[in-house]
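Reading through the C-alpha cells given below for one structure.
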Amino acid sequence: MGARESDLIRGRAAESHAYACLPAGRTVFAGHPLGPERRACVRDSAPQLGRTIDRAARTAKENSMPASYVKLLLTENVDNLGIVGDVVRVRAGYARNYLLPFGLATTPSEDLIKELAAKRAEAEKKLAALRKSREEMIKKLDGQELTMVRACNDQGHLYGSVTQQDIANALKEVGFDVKPREVRLPGTIKRIDTFDIHIKVDSDLSADIKLWVVADRQLDLDDATEIHIDEEGEMVEAPAKSQG
C-alpha cells in the first residue's frame, strides 16, 4: 500500500471516529471548520492530519479569511487549482476531504516553499512546453473540417446525438489532443447538418472548426415528410399543405 493510500485510510478513519466522539444531539461545529470536539478527535486518531488542519485554520484566521476557508501550500500539481509550490486559498472541506488526505497540500511555510523550489521549477518547465505544443495545435486546428457519419431516420434526425466526447475522439484520431470539456457545442446535435464548433483549451487559446454530420445512407429529404417540434418538445408530422 502506498503512502497516499495509507494517509487516505487513516484520514477517513479519523473522520469516522470524530463523528462518534461528538456529544449526543450535537450537529453544529461552530467557530472552526471541524468544530472543537471533532477537531480533538481527529488529532487523537490521526495526529498529523489533525495538526495540519489546525495550522491551516490558524493561518486562515490570521489572514482574515472566512472560517470555511484555509490557506495551503500545494505539494503536487492540482488541475484547476495550481502547481506545486503555489499557496492557495481553498474551502476547508476540499482541503480536509481531498487535498490533505491525498498528500497534495500542506500548511505553508517559508522552509517548505524553499524545499519545493526545484520541483516547482520542473513543473513550470513542463507547463511551458505544454503551452507551446497547445499553441501550435490551435493554429493547425483552426478552420479544420470534421465529418461524422451517423444513422438517422428519413427526416435526417439522428438516433442519438453527437456529444463532446464523440468530437474529442474524432479529433484525436486525426492528431488533435482535445479533451471533451474543451469542446463547446452550439446546442444539442441531433440532426443531419453542418455545425460550427468552438474548441477552447485555455482562456486565450481557442479555435473554430466546421462539423459535418452526414447520414449513413442516401436520403431524399425533398420528398421526406416534414417534421415539426410541438409545444411539448415532441417530433410530429407537419400538417399537409393544401393544394391550389
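The values are calculated or read from the model by the stated rules, or taken from the named source; none is laboratory data. These numbers were taken from a predicted model, which means no experiment stands behind them. Note that we place each Cβ from the backbone using ideal geometry, even for glycine, and neighbour counts take in every protein chain shown.
Restrict the check to segment 92-101 and report whether at least one residue is basic (Lys, Arg) and either part of a strand (DSSP E or B) or over 21 Å from the mean Cα position of the chain (by Cα) (or both).
no
Please find, within segment 126-166, the residue that is surrounded by the most Cβ atoms within 10 Å (Cβ to Cβ) out of those that are touching a residue at least 40 places away in the same chain (Cβ under 8 Å) and in contact with a helix residue (DSSP H, G or I) (Cβ under 8 Å, 6 or more places away or on another chain).
Filtering segment 126-166 for residues that are touching a residue at least 40 places away in the same chain (Cβ under 8 Å) and in contact with a helix residue (DSSP H, G or I) (Cβ under 8 Å, 6 or more places away or on another chain), the one surrounded by the most Cβ atoms within 10 Å (Cβ to Cβ) comes out as Leu141.
Could you list, in sequence order, the residues of segment 122-152 that are on the phi < 0 side of the Ramachandran plot and over 25 Å from the mean Cα position of the chain (by Cα)?
Listed by number, the residues that qualify are Lys140, Gln144, Glu145, Leu146, Thr147, Met148, Val149, Arg150, Ala151, Cys152.
Inspect segment 127-144 for any residue being assigned by TED's automatic domain parsing to the domain that holds Asp202, in contact with a Leu (Cβ under 9 Å, 6 or more places away or on another chain) and not in a helix (DSSP H, G or I) and give the result as yes or no.
Scanning segment 127-144 turns up at least one residue that is assigned by TED's automatic domain parsing to the domain that holds Asp202, in contact with a Leu (Cβ under 9 Å, 6 or more places away or on another chain) and not in a helix (DSSP H, G or I).
May I ask you to say which residue of Asp196, Asp208, Asp166 is touching a strand residue (DSSP E or B) at 6+ places or on another chain (Cβ under 9 Å), outside any strand (DSSP E or B) and either closer than 30 Å to Lys132 by Cβ or among the small types (Gly, Ala, Ser) (or both)?
One residue alone meets the criteria, Asp166.
For segment 179-192, how many residues meet the condition of being free of Cβ contacts under 8 Å to residues at least 40 places away in the same chain, surrounded by 16 or more Cβ atoms within 10 Å (Cβ to Cβ) and among the β-branched types (Val, Ile, Thr)?
Final tally of qualifying residues: 2.
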